[in-house]
Amino acid sequence: MVKIISNKAFSEQLSWINEYEQYSIFDTHLSFLKKRMLTLAPKLSDRKIWMINSTSEGGGVAEMLPSLIGFLRKLGLTVDWAIIESNEQSFFDFTKRIHNLVHGVQQDPKNKIFSDLELYEQVNKSNAASLKSHLKNGDILLLHDPQPLPLGYFLSQEMDLIFLWRCHIGVPYTNEQSSFIWKHLKKYLDSTTSCAFTSPEYIPKYLKHKSTIIQPAINPLSHKNQELSFYEVTSILSYSGICKSPSEAPTPLAFGKQVLRLLPNGEMSIPEDNSLLFKPIILQISRWDKLKGWKHLINGFAHFKESLKKERDLPEDDLLRLRSTCLVMAAPDPLSIPDDLEAIDFFEEIKEIYFNLAWSIQRDCYVFLLPMESRKENALIVNALQRLSSVIVQASREECFGLTVTEAMWKRRPVIGSNAFGIKLQVKDHHNGRIVEDISNPQELSDLIIELLINKKLANSLSQNSRWSVVKQNLLFTQVSQYLDFIEAAIT
């Protein structure tokens, strides 16, 4: 049965939207959008826009939607958010395989996909039936990613609806795997009014005539991206259990759930390790997903640490900085994300790699599980970790677009990215970050870590340029404008 997210989820978004008007840097953006609505609002006065995806927690889509919906509501549009639900674990197993197939990295047996497609349709048909009573002719269904795609297909057969699809995944090439799954999704996509992708290279040939481009974006005033003082950073780390407040400090207000750290004995424990405040940090924050390059990141960090055992012609303070550097790998608790059950098994693989590291390397590796019970608390933890870090890495094997990269660039942190196409949409090597051409080569990643930790002038230059890159193309205002174009074109 489909779940409609209550209006309480957007009360916070509506409050911070008013704050934008206090920042003159946003005046041009706000003025443009308000003028735009003078002509668009009358066309949408009798229509409700339904944003539909498969989860309200975890991942970039669930993170972007509250800000996007809140902003559209503040502009005067009627927008609701619905989540498709299922008690069938195999449904989410299958949609995860669709995700992997679109990325060209997994092949299903030909005879198996047809039985799974039956379940795929059945779950969506059930959710469509429960949503139908909330709809009226003329409403706009804006579905996100493959999970709810058949829902739009079924409802558009029964009602006079505008059926839009926003695909947040893709690769800039076709192979047997990606061609295979796009062929089987075509039935549902033929019913769409129009589609939107992150980059032209991701669009299947049969959709090019009715597709547009929308780039992901961040909300600069959200809890995840707002400015934080050092006091606020350390307080958040203390509230979350990552650090321990000194005895003379005021008693901290603990968050509802604490961060957990993986220990060498296999236990999960609240970290309370103040040494992170005094060490250079290499950070990656992602989901526990094999496409996120976690194994390559660990190998690169291990190589970096091993390389320091060799004699190096460096000043003593540089060597001290490099030797004290630690790696923080942080991701949502895999049990908290219902539509990504593969994460549980993959986290077990990461644990085995961690257990087999040499002690001299393992002691400098921090594996954190971030609680997801509170969206606000999770966002503040991520913000604090990013601002505490010296270098932020995104080692993905494939990436359609990395919001964690955008967040790091907004916070003026030097970024090392893999050569995944979606990361290179944002990071221009030697201009606003560094690119590892072969992320499977630990030497390359190791060399770039050393470069950015030692060459402060370069790191600062890249960081300043990266902030400006985000201001120009990846703030919420640009995304809202592109969604308005997408919707207006569909109803014209």
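For the range 390-398, the condition of being buried (at least 24 other Cβ atoms within 10 Å of the Cβ), closer than 19 Å to Ile337 by Cα and not small (Gly, Ala, Ser) holds for none of the residues.
Matching residues to (1) crowded, with 23+ Cβ neighbours inside 10 Å; (2) at pLDDT below 95:
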residue: Asp139; (1), (2): no, no
residue: Cys167; (1), (2): yes, no
residue: Glu176; (1), (2): no, yes
residue: Thr193; (1), (2): no, no
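Taken over the range 342-369, the residue count meeting the criterion of being in contact with an Asp or Glu (Cβ under 7 Å, 6 or more places away or on another chain) and under 24 Å from Gly256 (Cα atoms) is 2. Is it fair to say Gly266 is touching a residue at least 60 places away in the same chain (Cβ under 8 Å) and under 23 Å from the mean Cα position of the chain (by Cα)? The answer is no for Gly266.
This table checks each residue for (1) among the charged types (D, E, K, R); (2) under 23 Å from Val171 (Cα atoms); (3) touching a residue at least 24 places away in the same chain (Cβ under 8 Å).
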residue: Ala41; (1), (2), (3): no, no, yes
residue: Trp50; (1), (2), (3): no, no, yes
residue: Glu63; (1), (2), (3): yes, yes, yes
residue: Leu72; (1), (2), (3): no, no, yes
residue: Asp80; (1), (2), (3): yes, no, yes
residue: Ile83; (1), (2), (3): no, no, yes
residue: Arg97; (1), (2), (3): yes, yes, no
residue: Asn100; (1), (2), (3): no, yes, yes
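Within the range 404-426, the residues that satisfy the criterion of being under 18 Å from Pro172 (Cα atoms) and surrounded by fewer than 24 Cβ atoms within 10 Å (Cβ to Cβ) are Asn419, Phe421, Lys424, Leu425. Candidates Leu380, Leu385, Leu369: the one that is within 24 Å of Leu335 (Cβ to Cβ) and not in a helix (DSSP H, G or I) is Leu369. Kindly evaluate Ala330 against the criterion of being touching a helix residue (DSSP H, G or I) at 6+ places or on another chain (Cβ under 7 Å), part of a strand (DSSP E or B) and over 16 Å from Pro264 (Cβ atoms). In short, yes.
Among Ile181, Ile169, Ile140, which is under 16 Å from Glu121 (Cα atoms) and touching a residue at least 12 places away in the same chain (Cβ under 8 Å)? Unique residue meeting the criteria: Ile181. Based on this model, can you work out whether Glu451 counts as more than 27 Å from Asn378 (Cα to Cα), touching an Asp or Glu at 6+ places or on another chain (Cβ under 8 Å) and surrounded by fewer than 21 Cβ atoms within 10 Å (Cβ to Cβ)? Against the criterion (more than 27 Å from Asn378 (Cα to Cα), touching an Asp or Glu at 6+ places or on another chain (Cβ under 8 Å) and surrounded by fewer than 21 Cβ atoms within 10 Å (Cβ to Cβ)), Glu451 does not qualify. Scanning the range 445-469 for residues that are over 19 Å from Ser390 (Cβ atoms) and either among the hydroxyl-bearing types (Ser, Thr, Tyr) or assigned by TED's automatic domain parsing to the domain that holds Leu161 (or both) yields a total of 1. Under the condition of being among the aliphatic types (A, V, I, L, M) and outside any helix (DSSP H, G or I), which residue from the range 31-81 is surrounded by the most Cβ atoms within 10 Å (Cβ to Cβ)? Only one residue tops the list, namely Ile52. Listed by first and then second residue, the pairs with beta-carbon distance under 8 Å, at least 6 apart or on different chains, first residue in the range 1-29 and under 27 Å from Ser133 (Cα atoms), second modelled with pLDDT of 85 or more and acidic (Asp, Glu), are Met1/Glu85; Val2/Glu85; Lys3/Glu85; Ile4/Asp80; Ile5/Asp80. Which of the residues belonging to the range 132-176 are within 23 Å of the chain's Cα centre (by Cα) and aliphatic (A, V, I, L, M)? Residues satisfying the conditions are Leu141, Leu142, Leu143, Leu149, Leu164, Ile169, Val171. When Ser191 is tested against (1) under 30 Å from Leu276 (Cα atoms); (2) in a loop (DSSP other than H, G, I, E, B), only condition (1) is not met.
The values are calculated or read from the model by the stated rules, or taken from the named source; none is laboratory data. The shown structure was predicted, so the numbers you read here are calculated from the model rather than taken from an experiment. When we count neighbours, we look across all protein chains shown, and the Cβ atoms used for this are built from the backbone with ideal geometry, even at glycine.
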